Structures are given as C-alpha cells and as structure tokens.
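**Student:** Right, I'll just put the structure down here and ask away after.
The numbers here are math on the coordinates, done by the rules we state, and not lab data. Everything numeric here is computed off the predicted structure, so don't read it as measured data. Glycine also receives a Cβ, built like all others from the backbone with ideal geometry; neighbour counts cover every protein chain displayed.
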Amino acid sequence: MKRVWLGVCMTAAVAVLGGCRDESHSGGAFPRNQTLYVGGYQFHEPVTFNPLASAPDWPVQPHNSVNLMYEPLFVFNTLTGKMEPQLGKSFEVGDGFIDVTVQARARFSDGEPVTALDVKYTFDLGNEHKSLPVATLWRFLESIEIIDPKASPFPRQLRFHLKSERKNPLIVLDYLQEIPIVPEHVFAQLFAERGNDAVKVQKLMLDRNPVSTGPYGLVSFSAEKVVTERRDDYWGNQVFFGSKRAGPRYVIHPIYKSNDHYSVALQQGRLDASAAFVPRIWLKRRKGVRAWYEDVPFFPPGAMPLLFINVKRSPLDDVHLRRAMAFSIRYDDIRELAVSGYSRPLESGLILPFGFEGKYFSLADAKQYGASRFDPARARAELEAGGYQPSFDSEGELIETRDRSGRRLPTLSISSPAGWTDWESIVRIAVRSMRSVGIDVRERFIESSQHRPAAYAGDFDLIMFTPSPPPTPSKPWSRFDTVLSTLDFRALGEKMFKNMGRFNDPTAPGYVRRFDELLALIPTLDSEAERVRAYRELNVLFMKYQPALPVVYRPDQFYEFTEKAWTGFPTSERPFLPPQVPGARMGTRSLWQLSPTPAAQAD
Amino acid sequence: MQSFLENHPRLRHSLGRALWYLLTFVVAVAVNFFLPRLGDHSPVDTLIARAGESLDTRTAREQEEAYLKEFGLVEVDRAGKLVRAADGKPVETSLASQFARYLSLSLRGDLGTSILQYPKSVNEIIRAALPWTIALQLPAIVLGWLCGNLLGALAAYRRGFFDKGLYPLALLLSAIPAFCVGILLVFVFSIELEWFPAVGGYDDSRIVEFSWDFVSSAAHYYVLPFLSIFGITLGHQAIGMRSMCIYELGTDYIKYSKLLGIQESKILLYMFRNAMLPQLTGLALALGAMVGGALITEMIFSYPGLGMTILTAIQGNDYPLITGATLLITVTVLFANFTVDLLIGFLDPRVAHAERTKR
Amino acid sequence: MFASLFKSASFVTGLVLFGLTVLTAVVAPWVLHVDVGQRVGLAYMPPSAEHWLGTDHLGLDLVSLHIVGLRASLYVGLVSGVVATLVGTLIGVYSGYKGGFIDDLLNSLTNLFLVIPSLVVLILLSSSFEQGRSLTLIALIIGGTTWTWTARAVRAQASSLRGRDHVALARINGYGTFGILALHILPYLLSYLFMVFVLQTATGILTEASLSMLGLGPHDSVSLGRILDEAVKNEALVDGAWWAFLPATVLITVIAFSLYVINTAMEGVFNPRLRR
C-alpha cells in the first residue's frame, strides 16, 4: 500500500515538475530560436498535401494562398493592388490574351528548372480533367500557347488565349495568383500510372518527398501539428532576397480545435503569428499580442459579409421592404460588438471605400442612393411606401406586419451557421433592429456544414454569406459577380453558386439587362477612367435595387503576432510588406526579415 | 446437451445472456447505420460546398456524381457508369443494399472511407484518435475510482467530523458541470498562474517518441485534463461507496462479527469486499463508456481524441465515420455490460441463488 | 413517511436551496426588468450598481440573461426528469415484475439505448424541425436517452418486491398484471421514484449544459449552458471577465447540489439502514 502511494506521488511529481523548465518549448526536436509557430489555418488533422486536391491542408492551401511549399505564378499585394512576380517574372494583358514570362532561375526542389511547359501543363490539366480545381478557369480560357518553344535553354513565355465570347482577363489573373505550379515531369508520370484518371491522382497524399518550388518542405505531420523545414537551395533566395535565406529553420503549424485555443497560445507566446479571430485584441496588448494597426480597426478590412435576400420568396421581391431592412440595421452595434471593432464605418454599395478598391467608390452616390445606414425613420418610410402596416404591443415589441391587402406577412428568417460567434452576433443585432421598425424576422441557426448547401439551393429567406472574400486582382468586380451574376441561373432547389438570392432572373418580367451588360463589360475595359465610370454605374444600380444587404466590413485575414521569440514583423508603421501571416501571400517574404529575440536564443 | 445445460445453471444463464447481448448488438448496428442516413443532409453536399464558389453548376454536378459513385450511394452498371433514371438523375442505391454492402465490408474489417476526411479510411482515423482518448481517461478514471472508494469507505467507517466535512464536499464536486471544472482549472493554473499549458497533448516542439523529453512533456500537459476528470470521478465514487459501506456496516453479519470480537481490519475487509461489487460494476461500465466519453475535456484541451472526431463527424453527417465510431462504442459498452452481468452472476451469490430458484 | 423527511436537516437545506432558485426563476421577471435583446453597454463591462453582473460580449445585461437561462435550464431539467422517470419506471417496473423473457427483452432494449448516440439523434431531429433545436426538443431527447439508469434501478426494486406476500395474494385473487403493478408495486416505490426523479432532473440540467457547450444548445432561447458556451467562445475568462462565466457555473452547481442533497436525505430517511 505504501509503495502504491509512493508511486503515485512520484508520478505526480514528474508531471508537475516535468514541464517546469518548459516556459516556451525549450529544447526538444525544434529549438525555439529556429522555429516559427504559425496558426489559424488548420483545425483538423491533415488529410492531404496534394495541390490538385479540392481542399488540401496547410501548407498547401491555394484557397488561403499559402505558398510555403508550392508557389503560383504571381502574388497579389493587397496594399498596392498590384501583382508581384513569384514563379512568373512578368505579365501583360492584351486584347483577348495574357502573356506571361516565367522566371529564368526558378527551380523545383529536385533541381529541375521551372519552364513554360510546367506552367502550361498545370493549367492544361484543368482542360482535360473536370474534377480539378483549375478546371473552372477553362470557361474563360480558349487555349494556352507556348511562345518560342525552341528557346534555349528552355521556353519561358506563354500566351493565355481568352475565350472571345466571355473575355474576362480579371478572372484569369485571379487564377494566375492562386493555382500552384506543379512539375510536369512528376505529375505526368503519376497520371500515366493511374490510367490518366484525375480522381485517382487527387487521392494521393503526396506527403513523402514532394517535388515543389517553395522555400519550405514538409517534414512531418500528425493530428497535433504540421512541421515544415527550410530549403537552403530555394531558388528565390537569389532572385528576391540577395542570396539571403529565410530566418526560421522550421515553420510549424500546431493544430487546435478552435479560435480561442490559438488566441491563448498567442498570448502565452507559444504561437508567433496567427490568422485566427481574436476578440478584443486591445486587451491582449499587455500580453504582447499585436496587430497591423495599434488602434481601431487593428486590421485592414478587406471582405464584406452580407445578407443575401431570396427575392423569389414574397414579400422579399419588394424593393421597398429590402431597402427598409437596409435602413433599419444598427451597423455601429455590429461593428463594435460582432467584430470587436475591427472595421471601418459601413458605406452603401458593394465597393470597399478604401484600399485598392477605393478609387472606384463614390461617396456622393452612396449618400444619394444608398440605404446601408442606420436611419429608422427612413426605414419606416420605406415600409409605408410599400404599404406595410406593423403593429406593436404595449411594450414596443412587434406582433405582426400586414401588407397592402391586409394579409399577414410570414415571419422571415435570417439563416447563419451555428457556432460562428461573430455572425451569430450580427444576425441577432440585425433581427433586433429589423423588428424594432416593424419587419417580422427571427434568427435561424443551422449546422455549419449545411450553411453553404442551403445557400446554393436557395433554401433561405435571408442568409449570411461573404461573397468572394479573398483580395484578388478581380476585385471589386468579382464581388459584384458573386452577388448579381445571372449566368447559370437555377431554380430554387437546384444548386446555384453565385447570386444565390436568384436576383434578376433573365426569364422573368422585370429583368434589368444593364446589370449583365456591365458585368460583362467591366473586365474588358482597359482605361482607368472607363472602369471608374462603369463601376460607378453598377454600384448605383445595386444600391437602387438592394438585392443584398452588406452588414459590415471585416478583415480578409486576421494578422496577429507576438514578438516574444521573433522580431521583424511588418506593421502599419513599418509596412514593408502587406499584413499577412508568414506562409500566405506576401507574408511569406517576411520570413527573410525575421530574427530570433535574445529570449528565444537563451532557451 | 439439454441435460448438460440443466446441470450447469450458471453456464445456461451465461449463454442466455450472451444471446441477448448478441441480439442487442445486431439491432444496435442496424440502428447506428440507418440513423444518420435518415437525415436529408448529405455529406456529399458538404464536400461540394467546400470546393467553393469557383464551381459552375455543370462541373459541380459532375463532381457530385463522382463522389456519389465513390461512396456507393448510387447505382452503377457493369461498365462502371452511373445508372440514370428518366430525368437524367442518377439512381440512388437503396438503404437496404447500402446496408448489405456495409455489413459485408465490416465483417472483413473494412469500415469504409470517411467522406469529410476523404480519402482517409475510417480505420485510420479511429486508430489515430483512440489512443489519445484512452490515455486521457484511463488513468483518471481508475485513480479517481480508487481514491474515491477509499475516501468513501473511510467516511462511512469513521463518520463524525471526517464524514460531515467530506461528504458535502464530494457532493459539491460532483455537482459542478464537468467542463466548468476543466475551464476553471485552465483559467486558474494556466492563464493566471501559468503553471501548466492550456492546450494540446504535448509540447509543440516535441515529437511522439519514447524519450524522457516527450514523456515528461506529455505528463506536464496531462495534469490539468487529468485533474478535471479525476475530480469528478472521485466525487461520484466517494458518494456511492459511502452509501454502500454504510449499508454494509448496518447489516447483521457485520454486527455479529463485531460481537464475536473479530479483528477490526477483518471486518473492514468484509465490508469492503461486499460494498465493492456494485462499485466494480460501475468501474467496468465507466471503462466501457470511455470510447465515447470525455468529449468536452478533449474539446477544452484540444486533445486529438475520438470524441472530437465523432462530434465533427456528426455535425457534418459523415456517415461512414459516424457508423464506424458508434460501432466501436457499441462493442465496448455492450461488452462491458455483458462482462459485468456475468461477473455479478458469478461473484454475487445472491444473484446466483435467485437464478437457481427461478425455475 | 414523507412527513419524517422534514425532520432531516439536510433535506430541508436542499429543499430550501432548490426552492430559492425556482422562486428566483419564477418571480424575477416580475420584479426585475428582464431584457435579453437590448444592448445596455460595452462588451464585458464589470458588475456595477445598475448591472449587478455586468454585461456579456454583446453588451447585454447578464442578470437578465441569467434569469432567462435559469428558467430555461430548470425547464429542461424538469421536463427531461419527468420523461426519463416515466419511461424508466414503466420499463423497469414491468421488466422487474414479469421477469423471464420480458425481462430479458426489456433489458436488451435498455442496453440498446445505452449505445445509441444521443448526439446523432439530437442533430437528426433538430434539422428535421423548422424551429430547429428548441428547449422542448432538447428536453425530450435528454429524457429519452437518460432513462436507462432509472430502468435498471427500478427493475431491481420491482424485482425484490415481486416476492412479497401481498403481491402473491393479489395474484391468487386474480388481479391482472397492470392491476398488480398499479396497486401493489408502484405505491411501494413512490418514495424511490421520487428520489429517482430528483436525480434525473439533476442529470437533465447538467446534460443540457454539456450539450450547449458542444454547440448543440437551444436555438430559441438562452440557457445557462449557452451562457457558459458563449463565455468560452468569446474568451471571457482570458480577458478577466469572470462575471460572464462564474455565476452560471455557480447556479448550475447550486441546483445540482441541492438536488443531490435532497436525494441523499431521502435515501437516509427511506432506507432505515442508512439512518444513523
């Protein structure tokens, strides 16, 4: 009995003291002063690192523009709005084509050069195999031609021919900065071995010795973390960084289940940079957590979550009701409470009134035509104009609303995925706001896995959605496109991936052709003045019809870091790079600027 | 055969129980198969939705059909092409034939491929997650059980101050919701005092191996999760054991033993042994329920165990993973219950006597 | 027999505690101004004179939230307690009295319910209903899946009652099964059933809290579990806002504790061996 107690006490002692040295992971296989910990991209055990899969895991996430392993042709600089060279050295948009020149010194990790053949092969895969992510590009692409195929030592120039009936260089540019370039000499064999079946190739995990171009390679992974190690022979060292190599030898992404775990790890110095949402970041300042700005809004806003309105469901087809909804919402509350103030005041329309989109925004138009500001008097006026009669009880709570003919309006629902706290807050505030002016709505929280399917099928009255969030060369056009596009129009119940509110049905009376004309026109314009004019017209049309309700601006990516172990992160005061976590977009370049702190060295 | 069984009532009893458990098992397997599939939300929808807005409707439909074919949810002809109905939509496989396919594969040990973590197999996922779940709970449950029973027995025997103080405390401890204990522990010991880490199974800078580094790191990370499970188990067990022991202490044979002047330690031993039986069954049941338990603890501490896996699977309606995990839970829980039933039958003479006099 | 309960100090304590919480839940909306929709201040403001428990992450008054949550949680606890006790008792008493084949069959049924994951049932049913997860639905599902323990316990009791003289007498006199159950078994179990009900209610409240923490809480109402869930998700404790987390924890603990105390006291009174 005594021995049992002794054993228990000893085990306890080990447990308590065993980690005592461990202030911020000292020792171990990954020394702290050589390891950078990033978080916020991966919440579940990695399944695949295959760049051709539809949803690969960190660090192969094209949809998050993670470029540690595989790289795209260009990188979009969100501060300047320009495409910077990566594997592609330069590009030029012509009439019906885009020319791209590949870097002369780009190399794969096995030493082979990156040539125009690899680029053509990567994109051509989408033409042949419809299950690949790059396949959707071919709705706009006619063919890819290698210019000067006999160039020595290898061809470096390509021409992307656009489809004449759907000329859209903007979308092609989007893909040029997203699709990772894969080695033709490796993947051609993978396809050949599998009977040219793309589905089979997509199933490969590709975790062992993958051939890639990026500065880091995959070392190991588990359900708890993914480990990458620096490649000292990375081609970009010479081309971009004057033969310097990246600071951290290891970049590790620990896998936690929820945002608050990443937040705590950041505050405890166990994480260096994170893209996960951290509420009330100003309270974390004393723990060393920093963001892009030192003050509100802390992060540059880049995305516009909004409420799609299902105009196929009466009475949502009435523009008066929609505008009344827009006028009723307490946008300040949403901004302060739902996104912790990480936002700028909302303006009407679908164009962000700042950043690289700012030049297309007109404040005068917004004031004149817009409804996205809190004005309950005008909300009630719109309701009256539509003939709606709300009735309230003695405590001011809404009982019901009747329409012009005396019929009682059904209670409308605002759908949102359950568990997304900031969206839940937005919806609750919106419901409260709308009810107070007399619009009968309530919250409807659905399983998060059902959110997108419900949106695509049109199974909603209003639904929260962020149209086309990432900052890309095609903004703001792609935001308009996602909200208003009538191509591929589908009835309710079938899947429609854009314009889920089924606005502006071409087969129905009341079709406004000008929307589609402008959407088709804008990508083809090459003069800035013409573009400004066209966007302005489109935005005014949007505001007049109000088919969707923008509710807030939010950061397209959260950029938090702490300098307990590594210093050199860009901020608004030292904006040598845009605000992105190392590993994504231009954030990867900050790795060459980071150096370990003395505290980390001491471990 | 008949007479053999008649002469061995215990064996017959056991066989009878075994048959019933088998029946329950079969029904449970069927229920666990059909239940998730009765919902009208398809996990393939989630997979397609993941691909995002870049899909156009035709490509989306092609991808969807490819997935449906892959998961055996639609009929295919000999050439491997989808069988289509008059309206062009693929014909869905009936639930019955899906079930048949599932049975034949499971009997061979193949629990299928996860839909949401495609292309990982269910076996892989469970195999990776299970050790964490067990490692998290086993020591805490066993130790909590041991210490709880000891304390409970002590309280029952001594009564007086020890009992009056300890008993309400144990009640209080078991009244606190499990996750609150965990979160409060994290708040106090990790965030405020910074003695222990808040998240994870082991330090990020370590790798899983048999080294002092890893083991001490894992132990350090284990303290708080351990305490949260240990505390609750302790409370429950102490309460139960105390009641049992008090009951035993009031029985005739104990009183008689005391009168006879039998040594105190021997009396205690009798008391302990008899009170232990229901507690043992409780332990067996708790161990059997381990696989599906500690979901919240795993969530709070971000332990990559089976609980979290099941939860995400259920939320995303990942049929194969749900069915596979629930199969495992069914097996362990039923097995634990069956063992307990048998043990009671063998160990508890009262039950055996009742069985014999039943005929 | 019930009267002697009140002589037990612990019973009275437990009853008073529980009664106080129920009283608060029932009376408070009349006395205080309960508003869970109106923003009254900034996020996570500390307790003050006007807002005794401060505000939550949306700037809503936490006192109001806790009162609504208390009502919701008590509702779920009581409804699930009733359901679980009813179902468990019916199955247990029938199974224990009849014995033999019926007993084995119902035992298997009980085991079956042990292995059916209630989470799957919850999500399945909640997505089939338009209102989604309502308090009632959650209460019914909790009740419908936690009765197994009651069934076992009641079965044991009924089984031992079976051998009693008055039961044998009733059987000789030609009473049917249900007659015997109703007149000769159940009345003797009343005190036991009451204890079972108390424990099932406690289980219901704690289970609701757990479900809410998993993100499976009610959509149509605040509950104590949801308050806790929101506090964790919004990192209340990390930022020092203990008032968003601790009061709800204390409330749930107090309710469960008082119910446990009541149960223990009853055990002490009804089971003479435990009385000292």
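**Student:** May I ask for the Rg/Rh ratio of segment A:264-371, computed from Cα atoms with Rh as the Kirkwood radius, given to two decimals? Intermediate values should be presented prior to the final figure.
**Tutor:** Working: Rg = 17.8 Å, Rh = 16.5 Å.
Taking Rh as the inverse mean 1/r over Cα pairs, Rg/Rh reads 1.08.
**Student:** Among the listed pairs A:Lys130/A:Lys200; A:Lys475/C:Lys233; A:Lys200/A:Lys257, which have their C-alpha atoms separated by more than 23 angstrom in this model?
**Tutor:** On the way: A:Lys130/A:Lys200 13 Å; A:Lys475/C:Lys233 32 Å; A:Lys200/A:Lys257 30 Å.
Table pairs above 23 Å Cα-Cα are A:Lys475/C:Lys233; A:Lys200/A:Lys257.
**Student:** Which whole number of Å³ per residue matches the convex hull of the alpha-carbon atoms in segment B:103-163?
**Tutor:** Details: hull volume 8.3 nm³, N = 61.
Value for segment B:103-163: 136 Å³ per residue.
**Student:** Still on this structure, please answer the following. Helix C:62-98 versus the longest principal axis of chain C: what is the Cα-based angle in degrees, 0 to 90, to the nearest 10?
**Tutor:** Roughly 10 degrees, rounded to the nearest 10.
**Student:** Determine which lysines satisfy two conditions relative to A:Lys244: a Cα distance under 29 Å, and not lying fewer than 8 residues away in the same chain.
**Tutor:** In chain and number order, the partners are A:Lys82, A:Lys89, A:Lys225, A:Lys564.
**Student:** Right, something else. Grab the DSSP H runs of chain B that are 4 residues or longer, score each as -39,500 (n - 2.57), total them, divide by all residues and round the 222 nm result to the nearest 500 deg cm²/dmol.
**Tutor:** -24500 deg cm²/dmol
**Student:** Hey, another quick one. Which ³J(HN,Hα) values in Hz, rounded to whole numbers, follow from the phi angles of segment B:298-304 under the Karplus curve 6.51 cos²θ - 1.76 cosθ + 1.60, where θ = phi - 60° and Gly and Pro get x?
**Tutor:** Rounded to whole hertz, the list is 4, 5, 5, 9, 6, 7, x.
**Student:** Can you compute 3J(HN,Hα) from phi for each residue in segment B:182-187, using the Karplus curve 6.51 cos²θ - 1.76 cosθ + 1.60 with θ = phi - 60°, rounded to whole Hz and x for Gly and Pro?
**Tutor:** x, 5, 5, 4, 4, 4
**Student:** Could you name the aspartates and glutamates whose alpha carbon sits less than 17 Å from that of B:Lys164, not counting residues in the same chain fewer than 8 places away?
**Tutor:** Candidates past the 8-residue exclusion: C:Glu267.
**Student:** Taking chain C as a Gaussian network, where each spring joins two C-alpha atoms under 10 Å apart, which residue of C:Leu112, C:Leu140, C:Leu169 fluctuates the most?
**Tutor:** Among C:Leu112, C:Leu140, C:Leu169, the largest mean-square fluctuation in the Gaussian network model of chain C belongs to C:Leu169.
**Student:** What percentage of all Cα-Cα pairs in chain A are separated by more than 36 Å?
**Tutor:** Numbers: 76305 of 181503 pairs.
That tail contains 42 percent of the Cα-Cα pairs.
**Student:** Add -39500 (n - 2.57) for each DSSP H run of 4 or more in chain A, then divide by its residues: what number comes out at 222 nm, to the nearest 500 deg cm²/dmol? Please list the in-between numbers first.
**Tutor:** Working: 16 runs with 162 residues, N = 603.
Theoretical 222 nm ellipticity from helices: -8000 deg cm²/dmol.
**Student:** Expressed as a whole percent, how much of the Cα-Cα distance distribution for segment A:156-294 exceeds 18 Å?
**Tutor:** Details: 7056 of 9591 pairs.
Beyond 18 Å sits 74 percent of the P(r) for segment A:156-294.
**Student:** Search the structure for amide H atoms under 5 Å from the amide H of A:Ala303, placed 1.01 Å from N in the peptide plane, and list their residues when 5 or more places away or on another chain.
**Tutor:** HN-HN under 5 Å from A:Ala303: A:Arg554, A:Asp556.
**Student:** For segment A:316-372 and segment C:1-63, what is the separation of their Cα centres, given in Å?
**Tutor:** 40
**Student:** Among C:Glu235, C:Glu208, C:Glu50, which one shows the highest mean-square fluctuation when chain C is modelled as a Gaussian network with alpha-carbon springs under 10 Å?
**Tutor:** Per the Cα network of chain C with a 10 Å cutoff, C:Glu50 tops the list.
**Student:** I would also like to ask the following. Tell me the angle of helix A:184-193 to the major Cα principal axis of chain A, expressed in degrees between 0 and 90 and rounded to the nearest ten.
**Tutor:** 80
**Student:** Using every alpha carbon pair in the protein assembly as shown, what percent of pairs falls into each 10 Å bin from 0 up to the bin containing the largest distance?
**Tutor:** Spelled out bin by bin, the protein assembly as shown gives 2, 8, 16, 21, 20, 15, 9, 5, 2, 1, 0 percent.
**Student:** To the nearest Å, what is the center-to-center distance of segment A:505-567 and segment A:110-180, using C-alpha atoms only?
**Tutor:** 26
**Student:** Please give the helix B:122-158 orientation as an angle from the longest Cα principal axis of chain B, in degrees from 0 to 90, rounded to the nearest 10.
**Tutor:** 20
**Student:** While we're on this one: Calculate the dipole size of chain B relative to its Cα centre from +1 charges on Lys and Arg beta carbons and -1 charges on Asp and Glu beta carbons; express the result in debye to the nearest 20.
**Tutor:** Values: 29 positive and 30 negative charges, 362 e Å.
The calculation lands at about 1740 debye.
**Student:** Using the reciprocal of the averaged 1/r over all distinct C-alpha pairs, how large is the Kirkwood radius of segment A:509-603 in Å? Mind showing how you got there, number by number?
**Tutor:** Numbers: mean 1/r = 0.0566 Å⁻¹.
By the Kirkwood definition, the hydrodynamic radius is 17.7 Å.
**Student:** Hey, another quick one. When the Karplus curve 6.51 cos²θ - 1.76 cosθ + 1.60 is applied with θ = phi - 60°, which whole-Hz ³J(HN,Hα) does each residue of segment A:257-266 get, with x for Gly and Pro?
**Tutor:** 3J(HN,Hα) across segment A:257-266, in whole Hz: 7, 8, 4, 5, 5, 4, 5, 5, 4, 5.
**Student:** Using a Gaussian network model of chain C with C-alpha springs under 10 Å, which one of C:Asn173, C:Asn263, C:Asn107 is most mobile by mean-square fluctuation?
**Tutor:** Per the Cα network of chain C with a 10 Å cutoff, C:Asn173 tops the list.
**Student:** How big is the gap, in Å, between the Cα center of segment C:155-203 and the Cα center of segment B:77-150?
**Tutor:** If you average the Cα positions of each part, the centres end up 43 Å apart.
**Student:** If you don't mind, there's one more thing I want to ask. In a Debye calculation with equal point scatterers on the alpha-carbon sites of segment A:149-199 and no solvent, what is log10 I(q)/I(0) at q = 0.16, 0.31 Å⁻¹?
**Tutor:** Taken in order of the listed q values, log10 I(q)/I(0) reads -0.80, -1.06.
**Student:** Using packing as a proxy for protection, rank A:263-270, A:235-242 so that the peptide with the highest average count of other Cβ atoms within 10 Å comes first.
**Tutor:** Numbers: A:263-270: 24.5, A:235-242: 16.4.
Those peptides, ordered most packed to least, come out A:263-270, A:235-242.
**Student:** Then there is this: Where a Cα-Cα gap under 14 Å defines reach, which aspartates and glutamates qualify for B:Lys255, not counting those fewer than 8 residues away within the same chain?
**Tutor:** Straight-distance partners of B:Lys255: B:Glu264.
**Student:** Apply the a/c threshold of 1.5 to the C-alpha gyration tensor of segment C:174-276 and tell me whether it is rounded, prolate or oblate. Kindly include the intermediate steps, with their values, before the conclusion.
**Tutor:** Numbers: a/c = 5.71, a/b = 2.16, b/c = 2.64.
Verdict is oblate for segment C:174-276.
**Student:** Also, quick follow-up: A:Arg442's amide H: which non-local residues (gap 5+, or another chain) put their own amide H closer than 5 Å, with H modeled 1.01 Å from N in plane and none for Pro or chain starts?
**Tutor:** A:Leu412, A:Ser413, A:Ile414
**Student:** Rounded, prolate or oblate: which fits segment A:441-517 when a ≥ b ≥ c are the square roots of the eigenvalues of the alpha-carbon gyration tensor, with rounded for a/c under 1.5 and prolate only if a/b beats b/c? Display every interim value, and only then the final one.
**Tutor:** Working: a/c = 2.06, a/b = 1.22, b/c = 1.69.
It is oblate, given that a/c is not under 1.5 and a/b is not larger than b/c.
**Student:** Enumerate the amide H contacts of A:Thr567 below 5 Å, restricted to partners 5 or more residues apart or on another chain; note that Pro and chain-start residues carry no placed amide H.
**Tutor:** A:Ser595, A:Thr597
**Student:** Let me ask something else. So what is log10(I(q)/I(0)) for segment A:429-587 at q = 0.09, 0.11, 0.16 1/Å, when the Debye sum runs over its Cα atoms only?
**Tutor:** Log10 I(q)/I(0), no solvent term: -0.44, -0.63, -1.09.
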